[in-house]
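Here is the structure we will look at, set down as structure tokens.
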Amino acid sequence: MESSETAGEHSLTKLEIQLDLIEAAFGKDFGKKYFDDGTIDYLYVRGVIMVRDAYVADVARLLEEDDEPEERGQEFVPAVGLLPGVSLFSVGERDVPRLLDKIDARLGEGVATPDHILSITPVWAYPGPCAGSGSGTFIYVADTGLLDGAAAEHSWLAGVNGTKDPLDVQGGVTRIPDYAGHGTFIAGVARCMAPAARVHVARDFNRAGAISEHMIALRLREALRLAPDVINLSAGGSSRKDLPLLGMEAFWETYRHYKGLALVASAGNNSSRRPFWPAAFPQVVGVGAVAANGRSRAYFSDYGPWVDVYAPGEDLVNAFAHGIYTYREPPNTGTHHFHGMARWSGTSFSAPLVAGLIAARITRTGENGQQAASSLLAQARAQHVPGVGPVLWPCDTGDCGGRVTCCCGSRHGAAGHCCC
């Protein structure tokens, strides 16, 4: 395992590469705001802001009064009704961070926010565990889609469906694009916890593993109509002034009517206490990662009072793509061949472990998703690990009896870990 110093250096390089990929995918719409020390504050979509409906007229009037000379006459068009209580405004070529500072000063913080860009949260590949049934439950995975043939190849993915996650096949050679296989791996982790659960993997994060805040809120609202018991969102981002995401606040207006649904989200891989949204929302089960040794927090995991629970997230083994993947950062630079399995680390994979445990508990107890999540969180607090926090292990369904096997067929090891 890497030392924390080495891991930190690699994480910085990985972040830079990830930002380059997202910028290429969003093109001229991509924006990023830096702190004074040169580190990234947040990512956003250029040309738009999100505004609470109650302040639409005030914001429009402020812009008309305070526009700089070069900005006067630029388009400013609200799309009212895009999300409950929130409008998406087109603001032309205006500088979004400066514009929001102006709105803060006149109308107060939280009236208007960027349309943040959120991304999936892997600690890059080397792109499972064990447990109960999950029969009769439905897990919706908002991610990169499902690889062709994965459900047929891997017995624990049998019956999993989803939107196609494409690979790059040219001249008979399959190259694995960045972030391909992320959704498949996550479905595999969830299914290892709840082998009989119905799982659907959506291809929402299809722009270099990223999506705008308002679009993921809309996609999740669509997912609610499918009546899942658990939604897994292994993605997120930081926000301007660490304020809650306005788009997700609007989503809660719909979500709160689905009383039995549990939303599980990864806590992020920035080794930071800074809130990572939407995991930091009280309505969400925010999941950090336990290190492979089972005794400490994974070096990459975010942490703090807003993280609800920690679960294994380092060196997990599960389903992946077949093909060639090219690493662009140390220590694994160069071309590597994958053959349908991989070892991967990140809070992205801690989250579906918890999502699967929730589904398995629903089957065992008859609780709904939120009730099962609350029960498991209480159990996690009771087995608090010093220096980490509340922890759940792969076999924390209550029905393992010490005889649970892993997806790869081996027996589980110490502290409920699988030996894959």
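The values are calculated or read from the model by the stated rules, or taken from the named source; none is laboratory data. It should be emphasised that the depicted structure is a prediction, and the values quoted were computed from it without experimental measurement. In this analysis, Cβ positions are derived from the backbone assuming ideal geometry, glycine residues included, and neighbour counts consider all displayed protein chains. Heads up: the accessible areas ignore ligands, DNA and RNA and are worked out on the full protein's heavy atoms, side chains in. Shrake-Rupley method; radii C 1.70, N 1.55, O 1.52, S 1.80 Å.
Points to keep in mind about this one:
- Protection proxy ranking, peptides 237-250, 375-388, 300-313, average beta carbon neighbours within 10 Å, highest first: 300-313, 237-250, 375-388
- Summarising the label geometry, the points placed 7 Å from Cα in the beta-carbon direction at residue 274 and residue 98 lie 2.3 nm from one another.
- Sequence of 224, 82 from largest to smallest accessible area, 1.4 Å probe: 82, 224
- Kirkwood Rh in Å, taken over all unlike Cα pairs in region 219-265: 11.7
- Relative contact order of region 292-362, taken over Cα pairs closer than 8 Å and 6 or more residues apart, is 32 percent.
- Extending 7 Å from the Cα toward the beta-carbon at both residue 243 and residue 196 defines two label points whose distance is 4.8 nm.
- List 23, 64, ordered by accessible area with a 1.4 Å probe, largest first: 64, 23
- Rounded accessible area of residue 200 (nearest 10 Å², 1.4 Å probe): 50
- Test item: Cα-centred dipole of region 204-251, Lys/Arg +1 and Asp/Glu -1 on Cβ, debye: 140
- Accessible-area value, residue 34, 1.4 Å probe, nucleic acids and ligands omitted, Å²: 100
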